[in-house]
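**Student:** I have a structure I would like to understand better, so I am pasting it below and will then ask my questions one at a time.
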Amino acid sequence: MLEWLYKDMLTFFPEGVSTYSKQLDDMFAVIYWFSVVIFFLTYGLLIAFIIKYRFNPNRKGYHFHGSNALEFTWTLLPSIVFILIGLWSEDMWTRTKSEWRVPHPDVSVEVMAYQFGWNIRYPGPDGVFGKKDRSQMTPSNPFGIDKNDPAGFDDLITMNQIHLPINKNVVVNLSTMDVIHSFFLPNFRVKQDALPGQWIKIWFNGFKSGKYELACAELCGSGHYSMRGEVFMQSEVEYDKWLDEKYSAIKANLLANPPALPTPTVEEPAKESHH
Amino acid sequence: MDTATISLHETTNHSHDHDHSHDHHELSFVQKYIFSTDHKVIARQFLFVALFFLLVGGFMAMLIRWQLAYPGEAIPLIGKFLPDTLVAGGAIQPNFYAQLLSMHGTIMIFLVIIPLAVGAFGNQCIPLMIGTDDMALPKLNMYSFWLVPPAGMLVCAGFFVEGGSAAAGWTSYPTLAALADKGQTLWLVGMFLVGFSSIMGAVNYITTILNKRAKGMTMFRMPLTVWALFITAILITLGTPVLAAAISMQFMDQFLHTSFFVPSHLVHAKGALYSGGGQPILWQHLFWFYSHPAVYIMILPTMGIVSDVLSTFSRKPIFGYKAMIFAIMGIAFLGFIVWGHHMFQSGMNPLLGTTFMLSTIVIAVPSAIKIFNWLGTIWRGNIKFATANLNALAFIATFVIGGLSGIFMASAPVDIYIHDTYFIVAHIHYVLFGGSLFGIFAGIYYWFPKMFGKMLNESWGRKHFYWSFAFFNLTFYPMHILGVGGHMRRVYDPYVYDFLKHFQPMNQFITISAFILGASQLILIFNILWSLKYGRNAPRNPWRANTLDWAAPAKPGHGNFDKDITVYRGPYEYSHPDRKLDYWPQWEAPEVVGDENKSQVSSLSHGGH
Ligand code: HEM
Ligand SMILES: [Cu+2]
Ligand SMILES: [Cu+2]
């Protein structure tokens, strides 16, 4: 209840488990310590002046209108410090968010948010995402997977649970079916709004296995608070095992009920053997 | 100097006559107190309406805090009186929570802070401080006020329509907002009216300041309150039309199913109504193009107020008068090129994030300059701790923290994690409650004598201040920590998440502090009501201040001044070494040092008529 009074603010971060979480926390920490210094400096002066120059009827204030040298100094100094913070932030910013610095993906998943939950799509045994088409999106086909594209038949879709391997570059392609949501992984220091009508790529690389939470960070309606998801970070072996289980189920299902191509166009044989 | 000063002789002479011939054309009650064109009456109207909405918005905050501390538990006392659409067994429901947080933000920003900082103090201070009889466009001024009550009623009427009030946050992002129900429509209409009220007021302020200054009142002799309001008015005229346009577009999206902000192929109950092709993020650009300058609309006037109050009670010239003006101008100019810092994580091109990050970091510089100049002002002063000054000093103290938290968020990569968490909530309350509202309190305690002819009770005032200041910090400082812990804002029940469960005791602590903070504001209300009835009659210049407002009678009548006003010097000549008195009013002629001076003093101690 009162921990905040005596504990350092920085100790309240949830454990960071992505490759850039430490760098981001360090940036926070540097600005934090800078702020602590400025805080004590300004508060020290404020309190000292309040005490020292409190009213005394035998004294008069100092008739002084200011000093250009001082104005110049306290314009220049903060400018330099702030611009340094800016330039230094720039590298981390492009590293985490710029498309041209998204690393080569080891694992790609798609996430489609909706009121109020998350659909997650894996490419399936063939390793290829089926074509998607927004005009075909429905609650039961949240990604609008093109029914004419065989690559889509084996795609795996899960809800609110993401399994991922550790020490791999994960690229998430993010969108939403209805309103704006925000994909927030506190432990990974990842946050990105999902925009309807648009796909946005984000990436991270987690180094610690375990179960972590996914939250929605943008007000999206009365169920906003309930958009809780889970991220399971697993060793490569475990992850592959999980994937294998899911994929064999899909394969078995496809064998048992071969999907008919619903189009009046050319029949395409042997969809299952696509792999 | 002469071009801008119009001959005030005539106007003031007239008003001089007026004073003795009041009964010549007595105004009806309605003209005098309701549809009045007198800037001072309009100022009081803004004050009372905004204080009323402060109580309404504050009450909503209490409900929000109850839910965060004790989710799912019945609201004590009032829970059982609320309808089933909002509460279940007396406990707040998620839809009601969303309505509360949206209405709280909307009311506090558009119906409390802006009407107080700009409406009340702009009206009260501008004509008096530049030495004129009234605004340049008094009718427009009256309309400006009279748009606010209907706007407020429309927005609040949302609670009584199907689907409840607006629930998409004060930021009202589409598509959520565009697809919402009638409450959101009422919100849009209400905000449109508030925007018009602002624009009318601002046009009037600019015109008045440029054209109606007393003889000798050059631009660089104007008090910083007037400068700040002048720049604020420019921000309003440039920014608010953009908001009005955006609101009109969202209104059409909602009502006529156009698709400015609605993209194609939404999977939503209302999706089929739209042809699509729009861009939800366009709203954010338009909204923040106004709303970032709007945060300065909310704080610049109070920065002006704080400067005047500090100088007066430190008995010292403001430190760096021109630097302060250039800092205000710098903030205003830069304020128009930083809006994207609200959108770092919105999905706009990260390259834009870079540019907005750099401009935002630059805007922190003039804010820092202002802090240093205020410290310079109290340095070697002779500081009196009147309640007004306590609040002004608190403004500095909290603005330091609010400015520093701004730097974290200005760094786009650091903002990734803290965006949309309680860190932001802490920041906005440090700048808007700690900053703007304490600045407004300073203004209320400072100008109450001129507004009402009575002194506010200082002892109650101090109580109000100490309780507010202590519990403000106890309420909002811990929110930084919640933010660092990853606590999202606008969540109905944070404890759905395992990583937030340990914050419940802290949230309870915050809630209890917030209740005390809320209750402390009743002291202010009580003090105002008590002092109006029983307060000591105010002298003409109770704080021995220099600016022209204090040359007017204790409770100025229509026309304001009872003597000719000529300005001889800047507004901050305190503790001049050549003078025995520690102040040197702007209106006092320089030649007269002996007799005149004495008569001046005695007229002060007499107070008004
Ligand atoms: C040193 C100066 C300041 C800087 C660098 C700064 C920076 C920022 C940034 C980057 C954000 C967006 C954070 C996010 O959503 O992730 C923000 C939000 C905000 N700021 Fe400031 N700020 C400063 C001063 C102020 C002042 C003076 C005010 C008001 C008087 C203010 C009011 C707000 C408000 C209301 C929001 C939140 C809006 C919302 O999302 O609901 N800020 N600020
Ligand atoms: Cu959401
Ligand atoms: Cu801003």
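The values are calculated or read from the model by the stated rules, or taken from the named source; none is laboratory data. All values reported here derive from a predicted model rather than from experimental measurement. Cβ: placed from backbone, ideal geometry, glycine included. Neighbour counts: every protein chain shown.
**Student:** If I ask for residues that are over 41 Å from the mean Cα position of the chain (by Cα) and within 9 Å of chain B (Cβ to nearest Cβ), which ones from the range A:60-75 would you list?
**Tutor:** A:K60, A:G61, A:Y62, A:H63, A:F64, A:H65, A:G66, A:S67, A:N68, A:L70, A:E71
**Student:** Further question on the same structure: Are any residues in the range B:92-107 more than 11 Å from chain A (Cβ to nearest Cβ) and either surrounded by fewer than 18 Cβ atoms within 10 Å (Cβ to Cβ) or of a type in the set (S, T, N, Q) (or both), and if so, which ones?
**Tutor:** Listed by number, the list holds a single entry, B:T106.
**Student:** Going by what's in this entry, would B:K384 be described as basic (K, R) and under 19 Å from B:P301 (Cα atoms)?
**Tutor:** no
**Student:** Of the residues in the range B:423-444, how many are under 12 Å from the mean Cα position of the chain (by Cα), within 6 Å of ligand 1 (Cβ to nearest atom) and of a type outside the set (S, T, N, Q)?
**Tutor:** 3
**Student:** In the range A:76-99, what residues are facing chain B (nearest Cβ under 7 Å) and surrounded by fewer than 19 Cβ atoms within 10 Å (Cβ to Cβ)?
**Tutor:** Selection gives A:S79, A:I83, A:E90, A:T94, A:S98.
**Student:** Still on this structure: Determine the pairs where a residue that is on the phi > 0 side of the Ramachandran plot, located within the range B:538-562, has a partner that is part of a loop (DSSP other than H, G, I, E, B) and surrounded by 19 or more Cβ atoms within 10 Å (Cβ to Cβ) with Cβ atoms under 7 Å apart, the partner being 6 or more residues away or on another chain.
**Tutor:** Within 7 Å, the pairs are B:G559/B:D133; B:N560/B:D133; B:N560/B:A552.
**Student:** May I ask you to say which residue of A:D154, A:D178 is in contact with a helix residue (DSSP H, G or I) (Cβ under 7 Å, 6 or more places away or on another chain), assigned to a loop (DSSP other than H, G, I, E, B) and either away from ligand 3 (no atom under 16 Å from the Cβ) or aliphatic (A, V, I, L, M) (or both)?
**Tutor:** Details: A:D178 fails: in contact with a helix residue (DSSP H, G or I) (Cβ under 7 Å, 6 or more places away or on another chain).
Selected residue: A:D154, the only one of A:D154, A:D178 that is in contact with a helix residue (DSSP H, G or I) (Cβ under 7 Å, 6 or more places away or on another chain), assigned to a loop (DSSP other than H, G, I, E, B) and either away from ligand 3 (no atom under 16 Å from the Cβ) or aliphatic (A, V, I, L, M) (or both).
**Student:** Which pairs have Cβ atoms under 8 Å, sit 6 or more apart or on different chains, and link a residue in the range A:236-257 that is surrounded by 11 or more Cβ atoms within 10 Å (Cβ to Cβ) to one that is acidic (D, E)?
**Tutor:** Pairs that qualify, where the first residue is surrounded by 11 or more Cβ atoms within 10 Å (Cβ to Cβ) and the partner is acidic (D, E), are A:Y247/A:D154; A:I250/A:D154; A:K251/A:D154; A:K251/A:E272; A:L254/A:D154; A:L254/A:E272.
**Student:** Please find, within the range B:471-484, the residue that is farthest from B:L101 (Cα to Cα) out of those that are within 7 Å of chain A (Cβ to nearest Cβ) and touching a residue at least 60 places away in the same chain (Cβ under 8 Å).
**Tutor:** B:V484
**Student:** Can you tell me which residues in the range B:205-233 are among the aliphatic types (A, V, I, L, M), buried (at least 16 other Cβ atoms within 10 Å of the Cβ) and not in a loop (DSSP other than H, G, I, E, B)?
**Tutor:** B:I206, B:I209, B:L224, B:V226, B:A228, B:L229, B:I231, B:A233, listed by residue number.
**Student:** Now for a different question. Looking at the range A:211-230, is at least one residue at the interface with chain B (Cβ under 8 Å from one of its Cβ atoms), within 30 Å of B:Q184 (Cβ to Cβ), polar (S, T, N, Q) and assigned to a helix (DSSP H, G or I)?
**Tutor:** Checked the range A:211-230: at least one residue is at the interface with chain B (Cβ under 8 Å from one of its Cβ atoms), within 30 Å of B:Q184 (Cβ to Cβ), polar (S, T, N, Q) and assigned to a helix (DSSP H, G or I).
**Student:** Residue check, B:T360 against (1) within 19 Å of B:A410 (Cβ to Cβ); (2) at the interface with chain A (Cβ under 8 Å from one of its Cβ atoms), all met but one. Which one?
**Tutor:** Evaluating B:T360 over (1) within 19 Å of B:A410 (Cβ to Cβ); (2) at the interface with chain A (Cβ under 8 Å from one of its Cβ atoms) leaves (2) as the failure.
**Student:** Another question, then. Take the range A:183-210 and flag every residue that is within 16 Å of ligand 1 (Cβ to nearest atom) and more than 8 Å from every other protein chain (Cβ to nearest Cβ).
**Tutor:** If the condition is that a residue be within 16 Å of ligand 1 (Cβ to nearest atom) and more than 8 Å from every other protein chain (Cβ to nearest Cβ), then A:F183 is the only one that fits.
**Student:** Out of B:G330, B:G340, which single residue is in contact with a helix residue (DSSP H, G or I) (Cβ under 7 Å, 6 or more places away or on another chain), part of a helix (DSSP H, G or I) and more than 10 Å from chain A (Cβ to nearest Cβ)? Break it down into steps so the answer makes sense when it comes.
**Tutor:** Working: B:G330 fails: more than 10 Å from chain A (Cβ to nearest Cβ).
Sole residue among the options that is in contact with a helix residue (DSSP H, G or I) (Cβ under 7 Å, 6 or more places away or on another chain), part of a helix (DSSP H, G or I) and more than 10 Å from chain A (Cβ to nearest Cβ): B:G340.
**Student:** Regarding B:R544, is this residue within 14 Å of another protein chain (Cβ to nearest Cβ), basic (K, R), within 16 Å of ligand 2 (Cβ to nearest atom) and part of a loop (DSSP other than H, G, I, E, B)?
**Tutor:** Values: within 14 Å of another protein chain (Cβ to nearest Cβ): yes; basic (K, R): yes; within 16 Å of ligand 2 (Cβ to nearest atom): no; part of a loop (DSSP other than H, G, I, E, B): yes.
No.
**Student:** Those residues that are touching a Leu at 6+ places or on another chain (Cβ under 8 Å) and within 14 Å of chain B (Cβ to nearest Cβ), I need them from the range A:138-182; list them, please.
**Tutor:** Within the range A:138-182, A:N160, A:S175, A:T176, A:M177, A:D178, A:V179, A:I180 qualify.
**Student:** All but one of (1) without any contact (Cβ under 8 Å) to a residue 40 or more places away in the chain; (2) within 28 Å of A:V237 (Cβ to Cβ); (3) more than 22 Å from the chain's Cα centre (by Cα) hold for A:I157, so report the exception by its number.
**Tutor:** (3) is the only condition that A:I157 fails.
**Student:** Just to be sure I understand, how many residues within the range B:374-385 are of a type in the set (S, T, N, Q) and either in a strand (DSSP E or B) or at the interface with chain A (Cβ under 7 Å from one of its Cβ atoms) (or both)?
**Tutor:** Here the count works out to 1.
**Student:** Out of (1) away from ligand 2 (no atom under 16 Å from the Cβ); (2) under 25 Å from B:I281 (Cα atoms), what's the single condition that is false for B:G347?
**Tutor:** (1)
**Student:** Examine the range A:47-59 for a residue that is in contact with a helix residue (DSSP H, G or I) (Cβ under 7 Å, 6 or more places away or on another chain), outside any helix (DSSP H, G or I) and either of a type in the set (S, T, Y) or within 9 Å of chain B (Cβ to nearest Cβ) (or both), and state whether such a residue exists.
**Tutor:** For the range A:47-59, residues in contact with a helix residue (DSSP H, G or I) (Cβ under 7 Å, 6 or more places away or on another chain), outside any helix (DSSP H, G or I) and either of a type in the set (S, T, Y) or within 9 Å of chain B (Cβ to nearest Cβ) (or both): present.
**Student:** Restricting to the range B:269-292, name every residue that is within 16 Å of ligand 2 (Cβ to nearest atom) and surrounded by fewer than 19 Cβ atoms within 10 Å (Cβ to Cβ).
**Tutor:** Once the filter is applied, which keeps residues that are within 16 Å of ligand 2 (Cβ to nearest atom) and surrounded by fewer than 19 Cβ atoms within 10 Å (Cβ to Cβ), the range B:269-292 yields nothing.
**Student:** Considering only the range B:46-81, state which residues are within 30 Å of B:P115 (Cβ to Cβ), crowded, with 17+ Cβ neighbours inside 10 Å and without any contact (Cβ under 8 Å) to a residue 60 or more places away in the chain.
**Tutor:** Within the range B:46-81, B:G57, B:M60, B:L63, B:I64, B:I75 meet the criteria.
**Student:** Taking B:F261 as the residue in question, decide whether it is within 14 Å of chain A (Cβ to nearest Cβ), among the aromatic types (F, W, Y) and in contact (Cβ under 8 Å) with a residue 40 or more places away in the chain. Show your work before the answer.
**Tutor:** On the way: within 14 Å of chain A (Cβ to nearest Cβ): yes; among the aromatic types (F, W, Y): yes; in contact (Cβ under 8 Å) with a residue 40 or more places away in the chain: yes.
So B:F261 passes the test.
**Student:** Name the single residue that is surrounded by the most Cβ atoms within 10 Å (Cβ to Cβ) among those in the range A:104-137 being without any contact (Cβ under 8 Å) to a residue 12 or more places away in the chain and within 11 Å of another protein chain (Cβ to nearest Cβ).
**Tutor:** Among them, the one singled out is A:Q136.
**Student:** Inspect all residues belonging to the range B:348-370 and state whether any of them is of a type in the set (G, A, S), outside any helix (DSSP H, G or I) and more than 14 Å from ligand 3 (Cβ to nearest atom).
**Tutor:** Scanning the range B:348-370 turns up no residue that is of a type in the set (G, A, S), outside any helix (DSSP H, G or I) and more than 14 Å from ligand 3 (Cβ to nearest atom).
**Student:** Of the residues that make up the range B:420-429, is at least one at the interface with chain A (Cβ under 7 Å from one of its Cβ atoms), within 17 Å of A:T75 (Cβ to Cβ) and within 16 Å of ligand 3 (Cβ to nearest atom)? It would help to see each step written out before you state the result.
**Tutor:** Of all residues in the range B:420-429, those at the interface with chain A (Cβ under 7 Å from one of its Cβ atoms) come to B:420.
Those left that are additionally within 17 Å of A:T75 (Cβ to Cβ): none.
No: zero hits.
**Student:** Just a yes or no: is a residue in the range B:234-255 buried (at least 20 other Cβ atoms within 10 Å of the Cβ), of a type in the set (S, T, N, Q) and at pLDDT below 95?
**Tutor:** Yes.
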